[in-house]
Amino acid sequence: MSSKFDLTKYLEKIDDIIKNILKKSVKNKLTYDILDTKKTIKYKIISLKEKQRLMKIGLIWQEVLGNYDKYEDLGIGHETGLDIISRSKKIIIELKNRTNTDNASSKKANLDKLAKFKKLHPEYTCIYGNINDTTELKTDMGNIKDIIHDGVEIKHYIGMALIRMILEENTDLIINFMKECIDKYLD
């Protein structure tokens, strides 16, 4: 018998996770270019910081969704290579921050992982999930598409369709909480 989900404890855990992710130090090593100037180095530093921020936001989303009620963050190095599972709901997810995060070969590799899992576990819904779409409006509207890949059906959840499927009635509360934590801990 599973225990009742405690939203307060979940939010405390998420606060701690967000703090740890955002406070973790990162290397600021720039790639050398023979044409570097003071001005280009300044822009490279800004670009590096934005890439690091986006990477941290992706980690935050995986932790937030993967630690929610009945979901599990599979972390790095799980045998499936996938990100989040709900055994009770029979759902497994490959999570990406944006619809343009994967190039064509990476997307194919991720769909291959989902298709392989689906063939081994046909009772599961396999989801290729994107937190953000190309625009704010598309993200807010959300979208669900069916993809047939390697002979099996994979669901493609985008934007709020994905987030609301997992966080359900607590979606807005949790997103606002995440925003507060990010503002609190982001340097």
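To keep it simple, each residue is scored yes or no on (1) closer than 22 Å to Ser86 by Cα; (2) surrounded by fewer than 12 Cβ atoms within 10 Å (Cβ to Cβ).
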site	(1), (2)
Lys4	yes, yes
Asn20	no, no
Ile34	no, yes
Lys39	no, yes
Lys42	no, yes
Leu59	yes, no
Gln62	yes, no
Filtering the stretch 139-187 down to residues that are surrounded by fewer than 19 Cβ atoms within 10 Å (Cβ to Cβ), under 30 Å from Val26 (Cβ atoms) and of a type outside the set (A, V, I, L, M, F, W, C) yields Thr171, Asn176, Lys179, Glu180, Asp183, Lys184, Tyr185, Asp187
Checking Lys107, Lys179 in turn, the sole residue that is basic (Lys, Arg) and modelled with pLDDT under 95 turns out to be Lys107
Checklist entry - Could we say that Ser88 is hydroxyl-bearing (Ser, Thr, Tyr), more than 27 Å from Glu180 (Cβ to Cβ) and at pLDDT below 90 here? => result no
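Looking at this structure, is Ile147 out of contact with any His (no Cβ under 8 Å at 6 or more places or on another chain) and over 13 Å from Thr80 (Cα atoms)? Show your work before the answer.
Numbers: out of contact with any His (no Cβ under 8 Å at 6 or more places or on another chain): no; over 13 Å from Thr80 (Cα atoms): yes.
For Ile147, the condition - out of contact with any His (no Cβ under 8 Å at 6 or more places or on another chain) and over 13 Å from Thr80 (Cα atoms) - is not met.
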Task: Residue match in the stretch 45-54 (condition: in a helix (DSSP H, G or I), in contact with a helix residue (DSSP H, G or I) (Cβ under 6 Å, 6 or more places away or on another chain), surrounded by 14 or more Cβ atoms within 10 Å (Cβ to Cβ) and among the hydrophobic types (A, V, I, L, M, F, W, C)) - done: no
For this session: With respect to Ile34, determine if the residue is part of a loop (DSSP other than H, G, I, E, B), at pLDDT 90 or above and either within 20 Å of the chain's Cα centre (by Cα) or of a type outside the set (Gly, Ala, Ser) (or both).
Result: yes
Counting only residues in the stretch 78-136 that are touching a helix residue (DSSP H, G or I) at 6+ places or on another chain (Cβ under 7 Å) and among the small types (Gly, Ala, Ser), the one nearest to Val152 (Cα to Cα) is identified as Gly129
Taking the stretch 64-80 and keeping only residues that are at pLDDT below 90 and either among the small types (Gly, Ala, Ser) or surrounded by 19 or more Cβ atoms within 10 Å (Cβ to Cβ) (or both), one is left with Gly75, Gly77
Condition set out of contact with any strand residue (DSSP E or B) (no Cβ under 8 Å at 6 or more places or on another chain) and outside any helix (DSSP H, G or I), scope the stretch 157-187, selection farthest from Asp15 (Cα to Cα): answer is Asp187
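The values are calculated or read from the model by the stated rules, or taken from the named source; none is laboratory data. Keep in mind that this is a model prediction, so the values were computed, not measured. Glycine also receives a Cβ, built like all others from the backbone with ideal geometry; neighbour counts cover every protein chain displayed.
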